[in-house]
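Read through the structure below, which is laid out as C-alpha coordinates, and then see the notes.
The values are calculated or read from the model by the stated rules, or taken from the named source; none is laboratory data. The shown structure was predicted, so the numbers you read here are calculated from the model rather than taken from an experiment. Backbone-built Cβ (ideal geometry, glycine too); neighbour counts: all protein chains shown.
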Amino acid sequence: MPLDLVKCGMCDKAVVIERGTKPVCQDCRQEEQELYRRVRALLTDYGDRRFTIQDVAGALGVEEKKITYLVDNGYFQLIRSHIMLEDNKRL
Ligand SMILES: [Zn+2]
(Lines give C-alpha, C1' and ligand atoms only; values in the text may rest on other atoms or scores of the structure.)
Protein backbone atom coordinates (compact mmCIF):
# COMPACT_ATOMS: atom_id res chain seq x y z
CA MET A 1 0.00 0.00 0.00
CA PRO A 2 1.59 3.31 -1.03
CA LEU A 3 2.03 5.96 1.63
CA ASP A 4 1.20 9.64 1.39
CA LEU A 5 2.47 12.57 3.42
CA VAL A 6 -0.51 14.79 4.22
CA LYS A 7 -1.70 17.36 6.73
CA CYS A 8 -3.81 16.07 9.60
CA GLY A 9 -7.31 17.47 9.14
CA MET A 10 -7.73 18.01 12.85
CA CYS A 11 -4.43 19.51 14.06
CA ASP A 12 -2.56 20.42 10.82
CA LYS A 13 0.49 18.34 11.74
CA ALA A 14 2.15 16.43 8.94
CA VAL A 15 1.23 12.76 9.00
CA VAL A 16 2.04 9.73 6.86
CA ILE A 17 -1.03 7.69 5.94
CA GLU A 18 -1.80 4.79 3.67
CA ARG A 19 -3.21 6.13 0.43
CA GLY A 20 -6.99 6.15 0.49
CA THR A 21 -7.31 6.36 4.26
CA LYS A 22 -8.45 9.43 6.16
CA PRO A 23 -5.90 12.21 6.69
CA VAL A 24 -5.83 12.20 10.47
CA CYS A 25 -2.89 11.54 12.81
CA GLN A 26 -2.88 8.96 15.62
CA ASP A 27 -3.18 11.66 18.28
CA CYS A 28 -6.42 12.96 16.76
CA ARG A 29 -8.26 9.74 15.94
CA GLN A 30 -10.15 9.64 19.22
CA GLU A 31 -11.05 13.32 19.04
CA GLU A 32 -12.17 12.81 15.45
CA GLN A 33 -14.56 10.03 16.46
CA GLU A 34 -15.90 12.00 19.43
CA LEU A 35 -16.42 15.08 17.29
CA TYR A 36 -18.20 13.01 14.68
CA ARG A 37 -20.63 11.74 17.31
CA ARG A 38 -21.23 15.25 18.65
CA VAL A 39 -21.93 16.72 15.21
CA ARG A 40 -24.14 13.79 14.34
CA ALA A 41 -26.13 14.23 17.56
CA LEU A 42 -26.54 17.95 16.89
CA LEU A 43 -27.78 17.39 13.35
CA THR A 44 -30.09 14.62 14.51
CA ASP A 45 -31.56 16.68 17.34
CA TYR A 46 -32.28 19.57 14.99
CA GLY A 47 -33.09 17.59 11.89
CA ASP A 48 -35.34 20.26 10.41
CA ARG A 49 -32.76 23.04 10.72
CA ARG A 50 -30.11 23.92 8.17
CA PHE A 51 -26.64 24.34 9.59
CA THR A 52 -23.64 25.98 8.05
CA ILE A 53 -20.20 24.76 9.03
CA GLN A 54 -19.84 27.92 11.15
CA ASP A 55 -23.13 27.11 12.91
CA VAL A 56 -21.96 23.63 13.83
CA ALA A 57 -18.50 24.82 14.91
CA GLY A 58 -20.06 27.58 17.00
CA ALA A 59 -22.64 25.31 18.61
CA LEU A 60 -19.99 22.77 19.61
CA GLY A 61 -17.22 25.24 20.40
CA VAL A 62 -14.71 23.72 18.00
CA GLU A 63 -12.66 25.08 15.12
CA GLU A 64 -14.42 25.31 11.76
CA LYS A 65 -11.59 23.47 10.03
CA LYS A 66 -12.42 20.34 12.03
CA ILE A 67 -16.03 20.39 10.86
CA THR A 68 -14.84 21.03 7.33
CA TYR A 69 -12.51 18.07 7.65
CA LEU A 70 -15.39 15.77 8.66
CA VAL A 71 -17.54 16.94 5.76
CA ASP A 72 -14.69 16.69 3.25
CA ASN A 73 -14.01 13.14 4.37
CA GLY A 74 -17.53 11.91 3.83
CA TYR A 75 -18.69 11.64 7.42
CA PHE A 76 -21.84 13.54 6.62
CA GLN A 77 -22.58 12.66 3.05
CA LEU A 78 -26.02 11.28 3.96
CA ILE A 79 -27.11 14.55 5.52
CA ARG A 80 -24.96 16.89 3.52
CA SER A 81 -28.00 18.92 2.51
CA HIS A 82 -28.11 20.14 6.10
CA ILE A 83 -24.60 21.52 5.92
CA MET A 84 -24.22 24.29 3.41
CA LEU A 85 -20.70 24.24 2.04
CA GLU A 86 -20.73 27.49 0.02
CA ASP A 87 -17.42 29.26 0.61
CA ASN A 88 -16.39 27.34 3.69
CA LYS A 89 -13.74 25.26 1.97
CA ARG A 90 -10.35 26.16 3.33
CA LEU A 91 -8.07 23.36 2.18
ZN1 LIG B 1 -3.74 15.43 14.29
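A few notes on this one:
- Of all the criteria given as (1) touching a Leu at 6+ places or on another chain (Cβ under 6 Å); (2) surrounded by fewer than 12 Cβ atoms within 10 Å (Cβ to Cβ); (3) under 15 Å from V71 (Cα atoms), the one not satisfied by V16 is (3).
- Of G47, G20, all but one fail to be at pLDDT below 95, under 23 Å from P2 (Cα atoms) and either within 16 Å of the ligand (Cβ to nearest atom) or not aromatic (F, W, Y) (or both); the exception is G20.
- Boolean, G58 is surrounded by fewer than 14 Cβ atoms within 10 Å (Cβ to Cβ), at pLDDT below 85 and of a type outside the set (D, E, K, R): no
- Just so you know, in the range 19-54 the residues that are of a type in the set (D, E) and either surrounded by 16 or more Cβ atoms within 10 Å (Cβ to Cβ) or touching a residue at least 12 places away in the same chain (Cβ under 8 Å) (or both) include one that is farthest from G74 (Cα to Cα), and it is D27.
- Residue in the range 24-33 that is in a loop (DSSP other than H, G, I, E, B) and within 11 Å of the ligand (Cβ to nearest atom) present: yes
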